[in-house]
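Asks: This is the structure I want to talk about, given as structure tokens.
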Amino acid sequence: MPGLEGIVASQTAISMVDGENGRLIYQGYVIADLAEEMSLEEVAFLLWEGRLPNRSELDALSLELASHRMLTQSANIALDALPKDTDPMDVLRSVVSVQGVEHTLGKPTVPLAIHATASFPTILAMFHRRRLGLPPIKPRAELGHAANYLYMLNGKEADPEIVRALNTYLVLLADHGMNASTFTARVIASTESDLTSALVGAIGALKGPAHGGAPAAVIEQLELIGTADNAERWLRDARKRKVKFMGFGHRIYRVYDPRAKILKEMCRRMNPKFFDLASKVEEVALQILHEEHPERPQSTNVEFYSAGVLQAIGLPKEYFTPTFAVARVTGWSAHVLEQAAHNRIIRPQSEYIGPEPRRPVPLADRA
Amino acid sequence: MAEFSPGLEGVVAAETAVSEVDGANGRLIYRGGYLIEDLVPVVSYEEVAYLLWHGELPNESELDALRQHMAAVRNLNKSARGTLMAIDPATDPMDVLRTVVSAQGASKTLAKPTLEEAIALTAVFPTIVGAAYRRRQGKEPIEPRDDLGHAANLLWMMEGTEPSAEKAHWVDTYLVLLADHGLNASTFAARVVASTGSDLTSCVVGAIAALKGPAHGGATLAARNMLDKIGSAGNAEKWLTEAHDRHERFSGFGHRVYRTYDPRAKILREMAKTAAPQLYETAARTEELALKILHEAHPERPNATNVDFWASVVLTGAGVPKELFTTLFATSRVSGWTAHVLESLSDLRIIRPASRWIGPQPGKKPLQLAKR
């Protein structure tokens, strides 16, 4: 089955993508009920423990996160060893790998998931400042996960509305069923490897443009289109040249992606300039796609309006995919914990399409 | 809803011409249609890498070109060197490999995987493994030698002395045998990463991460650890019987795919006689008794010895310390991983399976924090 489409690879209680009804469920909760109500910390607890935390559990988690925001000395040196123009996803992959090195193999645990989650924003913020030639900023323990990330990036506390927007983005992107990066993490965990290994593999998968690597491309395409008035002409012309519309298409949703719906509203509020252009582009793109394939559902995906929200938050576009990783590390680690608890090595089969067995010719006789 | 097959057992996830494990007949076929036992007597690791990448064995000039190419790209770049030196020398060598490969491949822009990169990655593994080993011993890493073949250079970078032809041959044969093996977990991990359009380094880093697991690449070390505990041929019966009574799994036995003796294990078993005669005695007696005990417990199962069991003996004979076993496996398999990634590019489709929901009924309303 190409791409394993429709093949059940795992049982999970972490999240469910109900494509028919356009619902994303975390541990039984519909995403729309969580997105603007819960902190990323609460949702991370939910994904790891299967229930929402009470006040004292949330305080304990926040403290544990805050006290593991510093990088190890090895990770600091390794971060500085990378050239300033390195793709931030490669920085994340490498420095998460260093941060998680171990002497002997350890089993995945919730504390390790917390420590990894705490380190992602630090790695990205430190690298961001280094490439701008600015000094690193120490984390602030009294700030929440989203607020501290922005603080470490910018060196000043962000506006509460911006913090809330980033938090909502992180909650929305925290998990999404058996996507390619989560599946990578589970394949790695299925060999009884460690949590860091699973996360490093997942980062590598998220980097791909068919997965997490697309939100920056949305901005780039919108920049090419330029104005709402130009949308129709540009998109129709692009289609003739077989140019892919960025931010459209999803294997699972038959109706509008519930995350895109929330992000679209946020864009309308926070990034009107983006919204005016993007909503027109969306309208025309969906029209063209519908003309071509009337049988296919509307397919604006989460990346399309993510781009506008992340732009409004003030993140540079090369930080869109890494910030996706900041959210998804909670889901990845929850899946690794679940995989480890009910493990069976993931080892599918392949179908051989090569020649029938034959004998090798000795080196000297080869043409 | 589709059937759930735990571990995707029996599910075909890809078409491939890189290798085929014919478990029913105990055959491993490498790209081009060659049986592993036919290749071993006539090819070096470099030839097998060429075969896996190109689909055909190289002629003399093609092989020379590949050898020269590999020898020329054995050095770590500045990022990788800095990262290597930042890591505590006592770190698990697989973590060193995962991290330094990641740093070596860190780049400015996303590039599609190429053969050139596959060659460079394959060439640099021995450098990292050698450096990790030397640093564990408190020694400085040494520079690669461009006049040595892949296997000999690997031993050189570990020991700092030129290995005997025999040792280099044992390691080379091991590398040939382990270079590919169908859609195992690490190769599958590489293909899943590749399916998103990611870069080759990301694929290989993901594969290293998967190989690290004791249920996959870590099995060779587990087999050697078991042999260490058994200690001698004379102790095998007592140890195995007691271990079996404690419901302990015997390391180095059983495989999901082979229904008969693993063809690689057969070759390594023969080689083990000369490579490590003393350990061979213990291992042979252990194998005999373990198979007997397993057969008595489960007469219906084809409880064959797997490649890890005999690989642990041969690598020991070649002077490879056991904490490096999994990194040697990676040093071999990287040619297969990269061949699979390159193959998958011709028809790239994101690998995104489904999952079955076993959580609470959707739609419950979250309680406010204060009410929880």
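No lab work stands behind these numbers, since they all come straight from the coordinates. Quick caveat: nothing in here was measured; it's all calculated off a predicted structure. Here Cβ is always computed from backbone atoms with ideal geometry, including for glycine, and neighbour counts include all displayed protein chains.
Asks: Can you put B:Lys292, B:Lys365, A:Lys261 in order, fewest other beta carbons within 10 Å first?
Replies: B:Lys365, B:Lys292, A:Lys261
Asks: Using Cα pairs under 8 angstrom and six or more residues apart, how large is the relative contact order of segment B:195-299, in percent?
Replies: 34
Asks: For A:18-30, what's the mean count of beta carbons from other chains sitting within 10 Å of each residue's beta carbon?
Replies: 3
Asks: Each label point is 7 Å from the Cα along the Cα-to-Cβ direction; what then is the distance between the points at B:Lys238 and A:Tyr256, in nm?
Replies: 7.6
Asks: HN-Hα J couplings of segment A:353-362 from phi, Karplus 6.51/-1.76/1.60, θ = phi - 60°, integer Hz, Gly and Pro as x?
Replies: 10, x, x, 5, x, 8, 8, x, 8, x
Asks: Test of understanding: extend the Cα→C-beta vector of B:Ser107 to 7 Å, then name every residue of segment A:321-335 with backbone N under 19 Å from that spot.
Replies: A:321-322
Asks: Under 20 Å Cα-Cα from A:Lys244, which lysines qualify once same-chain neighbours fewer than 8 residues away are excluded?
Replies: A:Lys207, A:Lys280, A:Lys317, B:Lys112
Asks: If you average 1/r across every pair of different Cα atoms in segment A:215-312 and take the reciprocal, what Kirkwood value do you get, in Å?
Replies: Evaluated over segment A:215-312, this radius sits at 13.3 Å.
Asks: Sticking with this structure for a sec: Could you tell me the largest-minus-smallest coordinate of the C-alpha atoms of chain A on each of the three principal axes, in descending order and whole angstroms?
Replies: Principal extents (Cα only, largest first): 70, 55, 44 Å.
Asks: Right, something else. Around A:Pro88, under 13 Å between beta carbons, what's the net of Lys plus Arg minus Asp minus Glu among the other residues?
Replies: +4
Asks: Sort A:Tyr26, B:Tyr258 so that the residue with the fewest other Cβ atoms within 10 Å of its own Cβ comes first and the one with the most comes last.
Replies: B:Tyr258, A:Tyr26
Asks: Return the average number of partner chain Cβ atoms within 10 angstrom of each residue Cβ along peptide B:30-36.
Replies: Taking all residues of B:30-36 together, the mean is 4.
Asks: Going toward the positive end of the dipole of segment A:215-312, with +1 on Lys and Arg Cβ and -1 on Asp and Glu Cβ, which of A:Val309, A:Ala228, A:Ile252 do you reach last?
Replies: The listed residue farthest towards the positive side: A:Ile252.
Asks: If only Cα atoms are counted, what is the Rg of the protein assembly as shown, and what is its Dmax, in Å?
Replies: According to the Cα coordinates of the protein assembly as shown, Rg and Dmax are 26.1, 86 Å.
Asks: Hey, another quick one. Sequence gap at least 6, Cα distance under 8 Å: using those rules, report the relative contact order of segment A:98-161 to the nearest whole percent.
Replies: Relative contact order for segment A:98-161 comes out at 25 percent.
Asks: Using the charge dipole of the protein assembly as shown (Lys, Arg: +1 at Cβ; Asp, Glu: -1 at Cβ; taken about the Cα centre), state which of B:Ile358, A:Leu58, B:Gly206 has its Cα farthest towards the positive end.
Replies: Among B:Ile358, A:Leu58, B:Gly206, the one farthest towards the positive end of the dipole of the protein assembly as shown is A:Leu58.
Asks: Just subtract the alpha-carbon distance of B:Ala65 and B:Lys364 from 0.36 nm times their residue separation and send over the number in nm, one decimal.
Replies: Contour length minus Cα-Cα distance gives 101.2 nm.
Asks: Can you give the helix-only mean residue ellipticity at 222 nm for chain B, where every DSSP H stretch with n ≥ 4 adds -39500 (n - 2.57) and the sum goes over all residues, rounded to the nearest 500 deg cm²/dmol?
Replies: Value at 222 nm, helices only: -17000 deg cm²/dmol.
Asks: According to a simple spin-label model (label point 7 Å from Cα along Cα-to-Cβ), what is the distance in nm between B:Asp347 and A:Leu105?
Replies: Between A:Leu105 and B:Asp347, the label points sit 3.5 nm apart.
Asks: Still on this structure: Rounded to the nearest 20 Debye, what is the dipole magnitude of the protein assembly as shown about its Cα centre when Lys and Arg each give +1 and Asp and Glu each give -1 at the C-beta?
Replies: With only Lys, Arg, Asp and Glu charged at Cβ, the dipole is about 1340 debye.
Asks: Moving on. Which value does Rg/Rh take for segment B:265-372 over its C-alpha atoms, Rh per Kirkwood?
Replies: 1.27
Asks: How large are Rg and Dmax for chain B when only the alpha carbon atoms are used, in Å?
Replies: Computed over the Cα atoms of chain B, radius of gyration and Dmax are 21.7, 76 Å.
Asks: Count the net charge of all other residues whose Cβ sits under 12 Å from the Cβ of B:Ala290, scoring Lys and Arg as +1 and Asp and Glu as -1.
Replies: For residues surrounding B:Ala290, the net value is -2.
Asks: Separate question: Based on Cβ point charges of +1 for Lys and Arg and -1 for Asp and Glu, what charge dipole magnitude is obtained for chain A about its Cα centre, in debye rounded to the nearest 20?
Replies: Computed about the Cα centre, the dipole is about 820 debye.
Asks: Starting from the Kirkwood Rh over alpha-carbon pairs, what translational D in µm² s⁻¹ does segment B:1-142 have by Stokes-Einstein at 37 °C and 0.692 mPa s?
Replies: Estimated via Stokes-Einstein, D reaches 182 µm²/s.
Asks: Report the Rg/Rh value for segment B:219-317, based on alpha-carbon coordinates and the Kirkwood definition of Rh.
Replies: Dividing the radius of gyration by the Kirkwood radius yields 0.93.
Asks: What number, in percent, do you get for the relative contact order of chain A if the mean sequence gap of Cα pairs under 8 Å and at least 6 apart is divided by its residue count?
Replies: 23
Asks: Take B:Leu66, B:Leu110 and order them by how many other Cβ atoms sit within 10 Å, fewest up front.
Replies: Going from least to most buried by this count: B:Leu110, B:Leu66.
Asks: What distance in nm separates the two pseudo spin-label positions at A:Ala228 and B:Thr161, each 7 Å out from Cα along the beta-carbon direction?
Replies: Going from the A:Ala228 label point to the B:Thr161 one covers 7.9 nm.
Asks: I'd like to know how segment A:147-276 sits against the 2.2 N^0.38 Å rule of thumb: what's its Cα Rg over that expected value?
Replies: The reported ratio for this selection is 1.28.
Asks: To continue, here is another question. Per-residue Cβ counts within 10 Å, from other chains only, averaged over A:355-366: what number is that?
Replies: Partner-chain Cβ atoms within 10 Å, mean over residues of A:355-366: 6.
Asks: On to the next question. Excluding same-chain residues fewer than 8 positions from B:Lys167, which aspartates and glutamates have a Cα within less than 16 Å of its Cα?
Replies: B:Glu159, B:Glu270
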